[in-house]
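Beneath this line is the structure, given in structure tokens, with notes to follow.
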Amino acid sequence: MSHAIPYSLAPGQPQCGLKSPERPVGIVEGDRYDASLAVAIANNKFGYYLPYYRMQDIFASSGWTPSRSTLDNIIDGLEFIVQPLVGLMWQRVLSDLGVGIDDTNVTLLMPNAIPEVKEDDTPEQQLKTRRLIDKMLEAQKKGEASLNAKMWVYSGLVNQPYNLFDFRVSRHRDGPAEVLGDYSGHVMADCYSGNLSVILGGWVEDDSHGLLVDARRHMHEARINFAKETALPLALMAQLYDIERRAVDYTAKQRYELRQQDSVMILARLRQWLDGPIAGDALPKQVGQGDQLLAATTGSRCKSSLWMAACRSITTRLKLS
């Protein structure tokens, strides 16, 4: 593959010399490939999930026969070009009023060579690379072919609709603690202790909200054998979902007013059920200390761990009764 670089000159004006337009950013050493080619490869790989050997056939039909290593090098070289865009997305998500976080297990296959810390990386990236290297060396000594890792996702919930992924080699709180270190908005997470240590441990200065869906899940699982006992709480939670669907296109002020008008009444009724004979005896003592359900509509701190523990205790009690 060859490419020509255009030059211009001014006839009769040798003092102007030869001039050429600014070249586009090079993807790999030698400046042989345009960014548009890297975008096509990235779209095939991450958008259509095509392996490199299938891309080779596609590009060969156009007369270009790259090796798989060439395609991989181009993808690696694309990283520094998209970093400013990714950085802007992180900045916007962490400026949103609310951020949702969650994680999932992933298996990292051990590579043939241990990565190295890059000098041009940010201090945060270098720290993550060192942790990865330590984990890989530990797995290498044990003769393991893979190691357990985590992929965290951070989603803007109000005004910044971005989903950003953060790869970590452990589920420790260093991930959320570092990402949310300067964040001062609302955080929505499940009741994993690592989340709570970040949300309730002082890194997030404002308040946090638990997921009602987690509490509902325990009731929903128990409905098969205890349809009568779980009918009321499930019906009340369904009404809350209906209210939120109505408020999808509302402004923040309109949504707040709707919740104060309709949701508070339903949550108060759910509070009564929790204090009643079916649920009351199964609740941990902490749950009875204040109306945490109503906190979700007023902006005060909502301790999701208490409600998860409450619903889990209720379903356990029903099974044992």
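The values are calculated or read from the model by the stated rules, or taken from the named source; none is laboratory data. Note that the structure is predicted; figures quoted are calculated from it, not measured. Counting neighbours? That spans all protein chains shown, and the Cβs are built from the backbone with ideal geometry, glycine included.
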Spot the failing condition for Arg246; the list is (1) basic (Lys, Arg); (2) in contact (Cβ under 8 Å) with a residue 24 or more places away in the chain; (3) closer than 28 Å to Asn159 by Cβ, and only one is missed. (2)
Check on Tyr48, surrounded by 14 or more Cβ atoms within 10 Å (Cβ to Cβ), over 25 Å from Asp121 (Cβ atoms) and modelled with pLDDT of 90 or more: no
Of the residues in region 106-117, those that are touching a helix residue (DSSP H, G or I) at 6+ places or on another chain (Cβ under 8 Å) and either in contact (Cβ under 8 Å) with a residue 40 or more places away in the chain or within 23 Å of Ala177 (Cα to Cα) (or both) come to Val117
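Scanning for something acidic (Asp, Glu), more than 18 Å from Gly175 (Cβ to Cβ) and touching a strand residue (DSSP E or B) at 6+ places or on another chain (Cβ under 6 Å), does region 77-96 turn up at least one residue?
If we filter region 77-96 for residues that are acidic (Asp, Glu), which is where we start, we get 79, 96.
Then drop every residue that is not more than 18 Å from Gly175 (Cβ to Cβ), which leaves 79, 96.
Restricting the remaining residues to those that are touching a strand residue (DSSP E or B) at 6+ places or on another chain (Cβ under 6 Å) gives 96.
Taking every residue of region 77-96 in turn, at least one turns out to be acidic (Asp, Glu), more than 18 Å from Gly175 (Cβ to Cβ) and touching a strand residue (DSSP E or B) at 6+ places or on another chain (Cβ under 6 Å).
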Take the residues in region 124-157 that are of a type in the set (S, T, N, Q) and assigned to a strand (DSSP E or B), then tell me which one is farthest from Ile101 (Cα to Cα). Ser146
Suppose the filter is among the hydrophobic types (A, V, I, L, M, F, W, C), touching a residue at least 12 places away in the same chain (Cβ under 8 Å) and part of a strand (DSSP E or B); does Val86 pass it? no
Need the failing condition index for Gly63 against (1) out of contact with any Leu (no Cβ under 9 Å at 6 or more places or on another chain); (2) in a helix (DSSP H, G or I); (3) small (Gly, Ala, Ser), just the number. (2)
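How many of the residues in region 13-60 are part of a helix (DSSP H, G or I) and among the acidic types (Asp, Glu)? Before the answer, list the steps.
At the first step, the residues of region 13-60 found to be part of a helix (DSSP H, G or I) are 14-16, 35-47, 52-60.
So of that shortlist, the ones also among the acidic types (Asp, Glu) come out as 57.
Final tally of qualifying residues: 1.
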Test Phe80 against the stated conditions and say whether it is part of a helix (DSSP H, G or I), aromatic (Phe, Trp, Tyr) and surrounded by fewer than 14 Cβ atoms within 10 Å (Cβ to Cβ). yes
Let me spell it out: the conditions are (1) assigned to a helix (DSSP H, G or I); (2) of a type outside the set (S, T, N, Q); (3) at pLDDT 85 or above, and Glu178 meets all of them except one. Which number is the exception? (3)
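Take Tyr7 and decide whether it is loosely packed, with under 11 Cβ neighbours inside 10 Å, touching a residue at least 12 places away in the same chain (Cβ under 8 Å) and either of a type in the set (A, V, I, L, M) or over 29 Å from Tyr162 (Cα atoms) (or both). If you could, list the steps in order and put the result at the bottom.
Values: loosely packed, with under 11 Cβ neighbours inside 10 Å: yes; touching a residue at least 12 places away in the same chain (Cβ under 8 Å): yes; either of a type in the set (A, V, I, L, M) or over 29 Å from Tyr162 (Cα atoms) (or both): yes.
Spelling it out, Tyr7 is indeed loosely packed, with under 11 Cβ neighbours inside 10 Å, touching a residue at least 12 places away in the same chain (Cβ under 8 Å) and either of a type in the set (A, V, I, L, M) or over 29 Å from Tyr162 (Cα atoms) (or both).
State whether the residues of region 160-168 include one that is farther than 27 Å from Ile27 by Cβ, part of a loop (DSSP other than H, G, I, E, B) and at pLDDT below 85.
The initial filter retains those residues of region 160-168 that are farther than 27 Å from Ile27 by Cβ, namely 160-161, 168.
Going one step further and asking which of them are part of a loop (DSSP other than H, G, I, E, B), we end up with 160-161.
From the residues that got through so far, the ones that are at pLDDT below 85 too are none.
No, region 160-168 has no match at all.
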Checking Asp214 against (1) charged (D, E, K, R); (2) at pLDDT below 70; (3) in a loop (DSSP other than H, G, I, E, B): exactly one of these is not met. Which one? (3)
Within region 102-128, the residues that are at pLDDT below 85, more than 23 Å from Val187 (Cβ to Cβ) and among the charged types (D, E, K, R) are Lys118, Glu119, Asp120, Asp121
